[in-house]
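Encoded as structure tokens, the structure appears first; notes follow it.
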Amino acid sequence: MTMGYKILVVVFLGFLGCKSDCLYKENIEIINKYKNGQISEKYLTSIVICDTIKQGYYFRYSTEGVLLEKSNFKDNLYQGIKYKYYRTGSLEAVTLFNNGKVDSIQHRYYENGYTKSIYNFKQDIFSGQQLDFYENGDIKEYSLYAVLGEEKLLFIRRYDLNGNVSEQEGSPFTDIFFNADNYRKGDSIKIKAFYAKPPSMISEVSIIKMEDKFKANYTYKIINPGSYFIYRDIINADSSYRLDINLQLSDEKMTNIERYTITLQKIVK
């Protein structure tokens, strides 16, 4: 596609003023055009010393006049929801920005309307669960990234076209956070644990507690809590506090059952 040159059309909607001895104009609508006269971009801006700063709504079009992007800017950075479209007019992606960075859920679509991916971001990096789908809507890949710190892949499971697991890497148990580094007898302990929960899987978490080599006479159980759980308790141990956390993943018909165990232990001082 030949872009040609662009024509700049400026519509004054605001005022002409002076900020810090600078030439300043705000609420100006900028319209850029292709050589054939079709609008390529339309957005609100501010001009400071003849420099344009995108400020407000933004529209981008193809040479045929098809809307390709609808978004908002703040100080030249994406802010809020950005809609991206195929040249056919079908929705391609919906992304939420905060100060120019992707900072929430992003949905991407195939031209046939089926979901292509559902990604979770925190300040431009993958965070938490990520989903990819085949063009027919079936699951293609499930992955889980660390929710804090730098981008880190913790678990990934890939599926073939028949819905069978073709590859898996990592442990379903991922991030585990304690409310303190050290504990004494009588302290409150709080654990927030994240784990992988692939689509259409039911999860069951059971926790067996052992204090000073004595197993507790009860099991803490959570049915289908989602992708994380929170455990709270009061430490009555004199020397050690141990938890055996058992995770069971199964399909709705219980024909496919997966079991995993992780042990957490703290020294009581």
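Points to keep in mind about this one:
- Label-to-label distance, Ser171 versus Lys185, with points set 7 angstrom from Cα along the beta-carbon direction: 3.0 nm.
- (1) 22.0; (2) 20.4; (3) 22.9, with the label sought being that of the calculated Kirkwood radius over Cα pairs in Å: (3)
- Arranged from fewest to most other beta-carbon atoms within 10 Å of their beta carbon, Glu135, Glu204 become Glu135, Glu204.
- Count Lys and Arg as plus one, Asp and Glu as minus one, and take only other residues whose Cβ is under 10 Å from that of Tyr57; the net charge is then +2.
- Note on Val66 and Gln38: the extension gain reaches 9.1 nm, defined as 0.36 nm multiplied by sequence separation minus the Cα-Cα distance.
- Rh by Kirkwood over Cα pairs, then Stokes-Einstein D for segment 173-267 at 1.306 mPa s and 10 °C, µm²/s: 112 µm²/s
- Cα-based shape type of segment 29-158, given that a ≥ b ≥ c are square roots of the gyration tensor eigenvalues and the cut on a/c is 1.5: oblate
- Ordered by the number of other Cβ atoms lying within 10 Å of each residue's own Cβ, fewest first, Lys185, Lys116, Lys253, Lys269 fall into the sequence Lys253, Lys269, Lys185, Lys116.
- Distance from the alpha carbon centroid of segment 101-180 to that of segment 196-218 works out to 24 angstrom.
- Cβ-based exposure ranking for Asp103, Asp124, in which fewest neighbours within 10 Å come first: Asp124, Asp103
FYI, it's all coordinate maths here, none of it is from the lab. From a predicted model like this one, the values you see are computed outputs, not experimental measurements. All Cβ positions, even for glycine, are placed from backbone atoms using ideal geometry, and neighbour counts span all protein chains on display.
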